[in-house]
1. For the chain, what does the accessible surface come to per residue with a 1.4 Å probe? Please give it in Å².
2. Treating cross-link reach as a plain straight distance, find the lysines whose alpha-carbon is under 25 Å from the alpha-carbon of K131, omitting any fewer than eight places away in the same chain.
3. Multiply the residue separation of R55 and A70 by 0.36 nm, subtract the distance between their alpha-carbon atoms, and state the gained length in nm to one decimal.
4. Any idea what the dipole of the chain comes to, in debye rounded to 20, about its Cα centre with Lys/Arg Cβ at +1 and Asp/Glu Cβ at -1?
Amino acid sequence: MSPAMNPDEAAIRKVLDRWAAATRDGRHDDVLAHHQNDLVIFDVLSPLRYTSAARYRDSWESWQPDARGAVVFDLEDLTVEAGADVGYAFGLLACGGTLPDGATFSDTVRITFCLRKREGQWKVAHQHVSKPIERG
């Protein structure tokens with residue numbers, strides 16, 4: 001923990017690091033372990049909005065790539081701020097891997113999290129993943 005980071009900021013960073021590691025490692029049951037059940041998620045793929053952790057989880061099979069071997073899912077340039085019971089974080093997320101046919105994929109998207117502290121635990125209340133539209 002850096003000297004400027006308070007304990008709540010460190011706790012939020014730990015929640016998000018665990019989220020990234022669970023996703024990267026394919027531990028589906030752990031991905032949403034620190035998310036509220038009644039959250040809102042905006043993701044890069046349809047639908048526009050998920051209104052619960054369960055709905056978000058149910059969508060994974062339809063869009064998650066079937067990667068083989070090592071997967072990249074790394075938080076980069078993460079900024080974290082925390083108040084007494086509300087916090088947020090934003091940064092970039094590097095994603096990538098190898099598909100069953102040997103083709104590789106990689107992308108970097110923007111990510112924002114809003115968290116609430118309840119009974120001493122930080123939980124994600126809102127998650128937003130987006131990518132700018134390339135204009136030609």
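The values are calculated or read from the model by the stated rules, or taken from the named source; none is laboratory data. Nothing here was measured: the structure is a model prediction, and the numbers come from that model. Neighbour counts run over all protein chains shown; Cβ positions are idealised from the backbone, glycine included. The area values use the complete protein model at the heavy-atom level, side chains included, leaving out ligands, DNA and RNA. Shrake-Rupley method; radii C 1.70, N 1.55, O 1.52, S 1.80 Å.
1. Spelled out: the 1.4 Å probe surface of the chain, per residue, equals 61 Å².
2. K131 reaches K14, K123.
3. My answer for the length gained is 2.7 nm.
4. 240
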